[in-house]
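Visitor: To start, I am sharing the structure in question, which I have written as structure tokens.
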């Protein structure tokens, strides 16, 4: 019986990270889109990588070991491209875990957009996070956000698209002869690849959906020493959580509009104009920035990463937007009646934080800026009778000279209450929400703050968030 050709070939380049690789493969096997083959290419591995791959006993997975070490992912990825049988190719680095909808989202985006390359958003955990990981201590950076769904080479560092977020037509990769080696690139080989695909006139589109998470080896000193994978094993334990994308987005400062406004990280209009001119002249603006701004020559960037990872030397976006959090919340904010939901990091409340909230901490979450909103989906109970009671457990941020914090509360944009939160009272407030206030099954609760202050302004710390109210817990029940 002839085996059918898969729709997607997944290529994983690996070198002596068998513990992390085991997590990566398991996450691939949990994909909702199942018509794939996985080609794991070992870069002359000397550990038990081959045995780990074989242990899955999955006919869709095969291992190929290179005889000579190439020293970067370009070599194994090119070998994987040559061996791939599917018309579409996805890359998955051995320190990345795909969320269960990764291939499903990218494949759908490619069909809808008639694109040649599509990419999702990767949540990268900072190397400053302690091990073992704790939700409240995660520092997340987002890569692969595409304003308007398009990739812009003139956006420089904000246009970074990690390889593990890409789905590409095999014919496009082969027409360009695949990846260039790190020794031939000024920038990362993955960014060199996407620029060459763009320069060749192929259609590139971003899915603008958080589909994978990683603890990147390039952020971690000595990551290749001792076959460490505590972070990846921790992530795998959470990979099937339906609210995982919401939790990760909530921990990313880029999803807070107030933070983005303070940061002002976009390149200036003049810099973007120069970058755009270079791009259309066939010069990669990111490579030019690496050369001039960071003094990197060919191979220097990857060489610096290898040094940090503990490996020997080689031988010869417009920024993310708070709209991402709102989109993810809209997909995951189903609210069961009578359950008490906590807003501490990792506790599940992040799925309701539509906008205006800072990163959740060990106790709950604070607003950051003059407004904030919760979004709840009451789909399973929206067709019943009676109103809803929303119980909220809160805490005020009281600075010098403020006995209370004033909060205006709105449902569906209409004012419903005014609170004065003081230090010497219970921090419980209750809202009665008429059923007709729902938008279909959606309940939107907005908060406006008459004044906000930052701990920095009060001389308490260097925290520059604009605070007024903290949110600890919530419960929705029938009136």
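The values are calculated or read from the model by the stated rules, or taken from the named source; none is laboratory data. Here the structure is a predicted model, which is why all the values come from computation and not from measurement. Because the Cβ atoms are built from the backbone with ideal geometry, glycine has one as well, and the counts that use them run over all protein chains shown.
Visitor: Sort out which residues of segment 108-157 are under 17 Å from residue 255 (Cα atoms) and out of contact with any helix residue (DSSP H, G or I) (no Cβ under 9 Å at 6 or more places or on another chain), and write them in order of number.
Guide: Once the filter is applied, which keeps residues that are under 17 Å from residue 255 (Cα atoms) and out of contact with any helix residue (DSSP H, G or I) (no Cβ under 9 Å at 6 or more places or on another chain), segment 108-157 yields 136, 137, 148.
Visitor: For segment 79-89, does any single residue satisfy the condition of being under 19 Å from the mean Cα position of the chain (by Cα), buried (at least 20 other Cβ atoms within 10 Å of the Cβ), farther than 20 Å from residue 236 by Cα and in the same structural domain as residue 12 (by TED's automatic domain parsing)?
Guide: Within segment 79-89, none of the residues are under 19 Å from the mean Cα position of the chain (by Cα), buried (at least 20 other Cβ atoms within 10 Å of the Cβ), farther than 20 Å from residue 236 by Cα and in the same structural domain as residue 12 (by TED's automatic domain parsing).
Visitor: Taking segment 457-479 on its own, how many of its residues are farther than 26 Å from residue 334 by Cα and modelled with pLDDT of 90 or more?
Guide: 8
Visitor: How do the pairs read when you match residues in segment 138-151 that are more than 29 Å from residue 344 (Cα to Cα) and assigned by TED's automatic domain parsing to the domain that holds residue 166 with residues anywhere that are at pLDDT 90 or above and part of a loop (DSSP other than H, G, I, E, B), using Cβ under 8 Å and keeping only pairs 6 or more apart or on different chains?
Guide: Listed pairs, sorted by first residue: 151/161.
Visitor: Could you list all residues from segment 1-17 that are over 23 Å from residue 189 (Cβ atoms) and either touching a strand residue (DSSP E or B) at 6+ places or on another chain (Cβ under 8 Å) or not in a loop (DSSP other than H, G, I, E, B) (or both)?
Guide: Residues satisfying the conditions are 6, 7.
Visitor: So residue 187 fits all but one of (1) more than 30 Å from residue 361 (Cβ to Cβ); (2) modelled with pLDDT of 85 or more; (3) under 22 Å from the mean Cα position of the chain (by Cα); (4) not in a helix (DSSP H, G or I); what number is the exception?
Guide: Every listed condition holds for residue 187 apart from (2).
Visitor: Which of (1) touching a strand residue (DSSP E or B) at 6+ places or on another chain (Cβ under 9 Å); (2) under 23 Å from residue 211 (Cα atoms); (3) assigned to a loop (DSSP other than H, G, I, E, B) does residue 85 not meet, given it meets every other one?
Guide: Only one criterion in (1) touching a strand residue (DSSP E or B) at 6+ places or on another chain (Cβ under 9 Å); (2) under 23 Å from residue 211 (Cα atoms); (3) assigned to a loop (DSSP other than H, G, I, E, B) is unmet by residue 85, namely (2).
Visitor: Restricting attention to strands (runs of 3 or more DSSP E) lying wholly within segment 285-383, give those where 1 or more residues are touching a helix residue (DSSP H, G or I) at 6+ places or on another chain (Cβ under 7 Å), modelled with pLDDT under 95 and under 20 Å from residue 123 (Cβ atoms). Don't jump to the end; show me each part of the working.
Guide: Details: elements: 340-342, 353-355, 371-377.
Per the criteria, 353-355.
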